[in-house]
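K.L.:
Here you go, one structure.
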Amino acid sequence: MGKYNLTRMTDLSLEDVEEIYRISAETKDDVKNEREHHLLRGKLLAMYFEKPSLRTRCTFEAGMFDLGGHAIQLEGNTVGIGRRESVYDVAKNLERWFDLIMIRTYQQRIVEELAQHANIPVINALTDDYHPCQALADLFTVREHMGALKGLTLTFMGDGNNICASLAQLCPMLGVNFRHCGPSQFQLKPHIFTAAQKLAQASGATVEYTDDPAAAVKGANMIYTDVWASMGQEAEAEQRKTIFMPYQVNTALMAQAEADALIMHDLPAHRGEEITDDVIDSPRSIVFDQAENRLHVQKGIMVHLFFKNKKA
Ligand code: CP
Ligand code: NVA
C-alpha cells in the first residue's frame, strides 16, 4: 500500500500543494463565515513534541477541533520515542489508536522512521532539518497578499536552518525565486541547495546564495528572517549574535530594499537580534498573518493526506 506523509517538502507534488491550498482557502472562508467544516469528523490526531511550541501546538489542536476531530498531546519526555521505546514499536502502537500523527523532534531520521513504520500519515512539525508546515503557510500567506506567486523573489536572511531549507524547496516548486543571505559557514547543506536548484530548473525560478545583505534584498518582494540560534542551539547563542549581526533585518537594510517588500518571520522572534522592533511592527510586516495561516494550511495538510491515503 502506498502511503503519503509530509516528512519534508519534497514528499509533496505541485498538485498536492495546490490541493492543500484549495482546502485551506475553503476552510478559511468557512471560519470567516462561521460555517462548520467537519471534514475529519471523529478522527484523532497524535501530537508529539520534543521541543517547545506555541503556534504549532495551538494550530494543530484548534485545526483538528474545527475539522470535527480531536487531538491528543504526547510529551517527548514521557513517551521517549527511540529511547523508552523503539520508533517501530511507537509507530505500531499509535496506528492502532490514531488517524494522523504530527511530530516535532530533533532528528529528521526519527520522523522518517516513524513514517516508514506507521500505516497512518505522519506530518513533520519541525525537525533540526525542516519545517514544511511553516513554509506551506508562508507561501499561502504571500499568495493572499500578492495575488500570485510565480516570478516573485523571496530573500531569506540568516541561518541556513530548517526554515531556510523548507523555503528553499517550496519556493522553486511554486515558481518563486529564492535567495539565501548569511555568513558563508551557515549556508544550506549542499545537497539541499543542489536539490533546490533542480526544482528551480523545472519551474523557471532561481535559487541563489550571497553573503552580501544589500545585494540580497535588492528587488526582493519578500524579506524573511528567523532566529540566529534555533531550539537546541542555545549554547551557541552568544557566539552567533556576533557572527549574524551584519545580517540583521533593520531600517538600514530595509532602506536598500523595495519600498513595498513584505517582511516575514516564522516566530518566535528574538526582537533586537535578527529583526528590530520598527521593522517587525511596520505596516509591511505580515508575521501575524503567517501565524494565523498555520491554522488554515494545516487543516488543508491533514485533510489532504488523510483522504489521499484512504484512496491509495
Ligand atoms: N513557527 C513555529 O513553528 O512556532 P512554534 O515553535 O511556537 O510552534
Ligand atoms: N529555526 C527555529 C524555528 C522555530 C519555529 C528553530 O528551529 O528553533
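The values are calculated or read from the model by the stated rules, or taken from the named source; none is laboratory data. Since the model is a prediction, treat every value here as computed from it, not as a measurement. Positions of Cβ are generated from backbone atoms using ideal geometry, with glycine treated the same way; all protein chains shown enter the neighbour counts. When the accessible area is computed, the model is the full protein with side chains, heavy atoms only, and any ligands, DNA or RNA have been set aside. Shrake-Rupley method; radii C 1.70, N 1.55, O 1.52, S 1.80 Å.
K.L.:
Which residues, taken from the range 161-219, are among the charged types (D, E, K, R) and in contact with an Asp or Glu (Cβ under 9 Å, 6 or more places away or on another chain)?
P.N.:
Within the range 161-219, the subset among the charged types (D, E, K, R) is 179, 189, 198, 208, 211-212, 218.
If the condition is that a residue be among the charged types (D, E, K, R) and in contact with an Asp or Glu (Cβ under 9 Å, 6 or more places away or on another chain), then Arg179, Lys189, Lys218 are the ones that fit.
K.L.:
On to the next question. Please go through the range 45-69 and pick out each residue that is over 22 Å from the mean Cα position of the chain (by Cα) and within 13 Å of Met102 (Cβ to Cβ).
P.N.:
Passing the criteria: only Gly69.
K.L.:
Can you find a residue in the range 237-258 that is more than 23 Å from the chain's Cα centre (by Cα), surrounded by fewer than 19 Cβ atoms within 10 Å (Cβ to Cβ) and within 16 Å of ligand 2 (Cβ to nearest atom)?
P.N.:
Within the range 237-258 (the criterion being more than 23 Å from the chain's Cα centre (by Cα), surrounded by fewer than 19 Cβ atoms within 10 Å (Cβ to Cβ) and within 16 Å of ligand 2 (Cβ to nearest atom)), the answer is yes, since at least one residue qualifies.
K.L.:
Identify all residues within the range 1-13 that are at pLDDT 95 or above and part of a loop (DSSP other than H, G, I, E, B); write none if there are none.
P.N.:
Hits for the range 1-13 are Tyr4, Asn5, Thr7, Arg8, Leu12, Ser13.
K.L.:
Of everything in the range 102-112 that's closer than 28 Å to Phe288 by Cβ, open to solvent by less than 30 Å² (accessible area, probe 1.4 Å) and not charged (D, E, K, R), which residue is farthest from ligand 1 (Cβ to nearest atom)?
P.N.:
Step one: of the range 102-112, the residues closer than 28 Å to Phe288 by Cβ are 102-106, 111.
Retained after the next criterion (residues that are open to solvent by less than 30 Å² (accessible area, probe 1.4 Å)): 102-105, 111.
Checking which are not charged (D, E, K, R) leaves us with 102-103, 105, 111.
Details: Met102: 11, Ile103: 13, Thr105: 13, Val111: 15 Å.
Step by step, filter the range 102-112, then rank; the result is Val111.
Results for (1) open to solvent by 60 Å² or more (accessible area, probe 1.4 Å); (2) modelled with pLDDT under 95; (3) more than 13 Å from ligand 2 (Cβ to nearest atom), shown as yes or no for each residue.
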| position | (1), (2), (3) |
| --- | --- |
| Met146 | yes, no, yes |
| Gly151 | no, no, yes |
| Asn162 | no, no, no |
| His180 | no, no, yes |
| Lys198 | yes, no, yes |
| Asp211 | yes, no, yes |
| Ala216 | no, no, yes |
| Ile223 | no, no, yes |
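K.L.:
May I pose another question? Tell me, please, whether a residue that is within 22 Å of Thr10 (Cβ to Cβ), part of a strand (DSSP E or B), out of contact with any Lys or Arg (no Cβ under 7 Å at 6 or more places or on another chain) and touching a residue at least 12 places away in the same chain (Cβ under 8 Å) can be found in the range 211-227.
P.N.:
Looking for residues that are within 22 Å of Thr10 (Cβ to Cβ), part of a strand (DSSP E or B), out of contact with any Lys or Arg (no Cβ under 7 Å at 6 or more places or on another chain) and touching a residue at least 12 places away in the same chain (Cβ under 8 Å), one finds at least one in the range 211-227, hence yes.
K.L.:
Return the total of residues in the range 159-198 being in contact with a Pro (Cβ under 9 Å, 6 or more places away or on another chain), in a helix (DSSP H, G or I), more than 16 Å from ligand 1 (Cβ to nearest atom) and not aliphatic (A, V, I, L, M).
P.N.:
3
K.L.:
Quick check: is even one residue across the range 113-134 in contact with a Lys or Arg (Cβ under 8 Å, 6 or more places away or on another chain), open to solvent by 50 Å² or more (accessible area, probe 1.4 Å) and within 12 Å of ligand 2 (Cβ to nearest atom)?
P.N.:
no
K.L.:
Evaluate the range 125-141: report whether one residue or more is under 21 Å from Glu26 (Cβ atoms), under 18 Å from the mean Cα position of the chain (by Cα) and of a type in the set (Phe, Trp, Tyr).
P.N.:
The answer is yes; a qualifying residue exists.
K.L.:
Out of the residues in the range 14-46 meeting the condition of being among the basic types (Lys, Arg) and part of a helix (DSSP H, G or I), tell me which one is surrounded by the most Cβ atoms within 10 Å (Cβ to Cβ).
P.N.:
The qualifying residue surrounded by the most Cβ atoms within 10 Å (Cβ to Cβ) is Lys28.
K.L.:
Could you list all residues from the range 51-94 that are within 16 Å of ligand 2 (Cβ to nearest atom) and open to solvent by less than 40 Å² (accessible area, probe 1.4 Å)?
P.N.:
To start, the set of residues in the range 51-94 that are within 16 Å of ligand 2 (Cβ to nearest atom) comprises 51-60, 76.
Residues satisfying the conditions are Lys51, Thr56, Thr59, Phe60, Gly76.
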